[in-house]
Amino acid sequence: MNIKCDETAHQLTDELSAQLPIWKLLAFTVAGFLTIMTETMPAGLLPQISQGLNISEAYAGQLITVYALGSVLAAIPIISFTRSWNRRPLLLSAIAGLLLFNVITALSNHYILTLIARFIAGMAAGVIWGLLAGYVRRMVPASYQGRALAIAGVGQPIALAIGVPLGAWLGTLFEWRGVFWIMSLLALILFVWIRFSIPDFAGQSAQKKLPILKVLLIPGIRAILAVVFLWILAHSILYTYISPFLASTGHAYKVETILFLFGISSIIGIVITGMFIDRSLRKITLLSLFIFAIATALLGVYSSSNFVVLTGVVLWGVTFGGAPTLLQTALANTAGNEADVAQSMLVTIFNLAIAFGGMIGGGLLESFGAASFSWFMLAFALIALSTVYHAHKHGFIYS
């Protein structure tokens, strides 16, 4: 009896391994980690970069800004222009771009050249994110696509959780140029990994390509992109200004500790999302936004309570961790053959929401103080929740 049970367990494990090629999917996990780590890492190295390039820390911070700007401006036009290209050569070109321009950043002694290198590296990252969801989904059967995307997506919250502190720590060991050399080495390893282990897929034929505007007009696409903008906007207000918010609570929190707690919670959120996304995408999205709304309300009403603040951060992390995977899956399901172009739109909207989150959060901080963040976040979360609820025919359909 035990022998039969063991054989059945092995068969199920072998079947799951065949349907979910973990080693290949982990390459995309590393790709996501690399792009986010490359973006956020300078935040932990600002004093060193400032001294090394003889600029102010404010100017050094623009290395993050131009990287994000490169992703925003490049994703849609490049993905649209290269739709007929085979997918692996395009992905490898983007990773090579990250490699090359991280090397240039490590070597550069000139601020303008460094900004240009960061901008083009951001363009490469935008292409990687535009390709990631569609590529991963083509590697597995339809019933496993959500779980595969969850595995590939776990690199993002890991990078968000440890990117800034890891960059700062590595900077104490190797100085800031050495950190960019490490990122270059990781890009080289990833290039070889994908070249020799990831299958290639054909691009779209010219006859099947829809104009970008028609892709945007596919029923459900605009609703999903609206949810992307609202959800990421709400998240970014608090994430960008977490330090002044924590200070406003009256408790002596360490920002790095809170962000680490958020990151770990995000990873848990991706695991939970991966377990249910292929069967209940609509329900999980609604539940995530509902709990996110509760978390923002708790942070607004009970910010003086240490327990409530920590609970709110955990709920925020768990619900946000699965958000990119949920939204990418909904968009890919809705866009069909136009998934790559739709994903490039998501990359653009995602980064614009981060930028607007920084601007709105800054305005709220100056005008009303950090305590006002929660109420605006709650409003955006509820609008997003309503959008998902009403998009039951297209976008977030009943399953």
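Taken together, the values in this text are just the output of simple stated rules run on the coordinates, not laboratory data. As the structure is a prediction and not an experimental result, all values here were calculated from the model. Cβ coordinates were reconstructed from backbone atoms using ideal geometry, including for glycine residues, and neighbour counts include every protein chain displayed.
Each Lys and Arg contributes +1 and each Asp and Glu -1, all at the Cβ; summed about the Cα centre of region 208-399, the dipole is approximately 540 debye. Taking each residue as 0.36 nm, the span from Ala379 to Arg195 lengthens on full extension beyond its C-alpha to C-alpha distance by 61.7 nm.
On the basis of the beta-carbon distance and an R0 of 41 Å, Phe260 and Ser93 show a calculated FRET efficiency of 0.75.
Computed from point charges on the beta carbon alone (+1 for Lys and Arg, -1 for Asp and Glu), the dipole magnitude for region 5-157 about its Cα centre is near 520 Debye. For semi-axes √(5λ) of the Cα gyration tensor in Å, one of [x] 31, 28, 22; [y] 58, 35, 14; [z] 37, 22, 20 was computed from the structure I shared and the rest are decoys. Which label? Here the calculated entry is [x].
Computed packing ranks the peptides 289-301, 181-193 as 289-301, 181-193, most packed first, by mean other Cβ atoms within 10 Å. Hydrophobic, long helices, defined as DSSP H runs whose alpha-carbon span along the helix axis is 24 Å or greater and whose mean Kyte-Doolittle value is at least -0.5, occur in the chain at 22-40, 57-81, 87-107, 111-138, 155-197, 221-240, 255-301, 339-367, 373-390. Estimated at 0.36 nm per residue, the fully extended path between Ile22 and Met275 surpasses their Cα-Cα distance by 89.6 nm. Close amide H contacts of Asn86 (hydrogens built in the peptide plane, cut-off under 5 Å, sequence separation of 5 or more or a different chain): Gly203.
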